[in-house]
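The values are calculated or read from the model by the stated rules, or taken from the named source; none is laboratory data. Please read all numbers here as calculations on a predicted model, not as lab measurements. FYI the Cβ positions are ideal-geometry reconstructions off the backbone, even for glycines, and counts take in every protein chain you see.
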Amino acid sequence: MSVAHEGIGSAERVGLEAYRQAVSASFVPLAIASERPSGFSGALSSVMAGEVAFTEVASTPQRVERTPETIAAGGSGYYKVSLLLSGSSLLVQDGREVTMHPGDLAFYDTSRPYSLLFDGDFRNLIMMFPKRLIEYPASVSDALTAVSLGAEHRLSGVTAEFIARSAPELRHLGDSARARLARTGVDLMNTMISAILGSETRGTSREPSPLDGVLRFMTEHLSSPALSPATIAAANFISVRHLHAVFRREDTTVSRWIKDRRMERCRVDLSDPALAHLSIASIAARWGITDPAYFSRVFRAAYGMSPRECRGPRVDDGRTTHPVSAPRP
């Protein structure tokens, strides 16, 4: 499968050492080797959109490794989604390996070792974002690392096309529009992961987890104030005690999972100029939070600012105000 892609920018090709430095600056620390160092050339073009980085790579053959040493140097806590534009590659992580062809999507984690082998010239588009933006715990979503998502579900084609077509437009947009477009890309990833986990896909070699149906239900009902351990357990035909035990195995709790997802959805809505006509209390209520004082307190604890400080550009009494950039929680 091929995808239309105009490129996200132009960059001069450089030699191996300069390329190594550019890659580590654009992504996370990585070890890069080439069998032909003297003939090596590569180029990177990057653009940030909120918390999401889009980087296009064009290069001669190379081997990329995320080793224990480079992990220790920093950059853990991110997922990468790779969309191969031309050439072929072999991705290895968590004991799985997948050969990628143009149009294929693959998912991998910067917190654990991986390797990518490109045996010919290639172009690759990578979307990198914090792991917390994926709605599934790592034990669930990590089952999809080093699996060709392009071969597993039809939604992957939609996701790949969106990433390929939207990335070149980011440079022409303002900060708020960039962030919204990037968030749509992450939401597509969440939707695709949910669809894959909810179907009997071939190739993932994964048994259904007791958490899968629970998380789907919680995500679909996140806006309901009635969402609680009791309603979640009843809808999934398990006891409340068993529900809590499942989340303890994931090193979290039911209430913490709900709170974190609701705060993130509220943060996105508060920074969206298209929703500036809604009050802060209305936005909180959209995501099941009916106590304004509680919302303000928990939001500040999560992001180091009040909900009002997080609001996107809007007009107050004829004066345009702008949001304070939200730090990463």
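Odds and ends about this structure:
- Some residue of region 315-323 being crowded, with 16+ Cβ neighbours inside 10 Å and modelled with pLDDT of 90 or more: no
- Test: THR231 is outside any helix (DSSP H, G or I) and not aromatic (Phe, Trp, Tyr): no
Conditions tested, residue by residue: (1) in the same structural domain as LYS131 (by TED's automatic domain parsing); (2) within 21 Å of ASN190 (Cα to Cα); (3) charged (D, E, K, R).
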position: THR219; (1), (2), (3): no, yes, no
position: ILE238; (1), (2), (3): no, no, no
position: HIS244; (1), (2), (3): no, no, no
position: SER255; (1), (2), (3): no, yes, no
position: ILE283; (1), (2), (3): no, no, no
position: ALA293; (1), (2), (3): no, no, no
position: ALA301; (1), (2), (3): no, no, no
position: ARG311; (1), (2), (3): no, no, yes
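- Residue match in region 96-117 (condition: hydrophobic (A, V, I, L, M, F, W, C) and under 23 Å from THR219 (Cα atoms)): yes
- Selection within region 77-89 - under 16 Å from THR67 (Cα atoms) and surrounded by fewer than 16 Cβ atoms within 10 Å (Cβ to Cβ): GLY77
- Condition check for GLU65: closer than 17 Å to LEU117 by Cα and either among the hydrophobic types (A, V, I, L, M, F, W, C) or surrounded by 20 or more Cβ atoms within 10 Å (Cβ to Cβ) (or both): no
- Unmet criterion (only one of (1) closer than 19 Å to ILE32 by Cβ; (2) at pLDDT below 90; (3) basic (Lys, Arg)) for LYS80: (2)
- Selection from region 70-120 of residues that are of a type in the set (Val, Ile, Thr) and under 10 Å from ALA146 (Cα atoms): VAL92, VAL98, THR99
- Condition met for SER10 (at pLDDT below 90, in the same structural domain as ARG183 (by TED's automatic domain parsing) and hydroxyl-bearing (Ser, Thr, Tyr)): no
- Checked against (1) in contact with an Asp or Glu (Cβ under 7 Å, 6 or more places away or on another chain); (2) within 22 Å of LEU133 (Cβ to Cβ), THR60 meets all criteria but (2).
- Residues in region 271-306 that are more than 22 Å from GLY50 (Cβ to Cβ) and among the basic types (Lys, Arg): ARG297 only.
- Residue match in region 220-237 (condition: modelled with pLDDT under 90 and more than 25 Å from LEU144 (Cα to Cα)): yes
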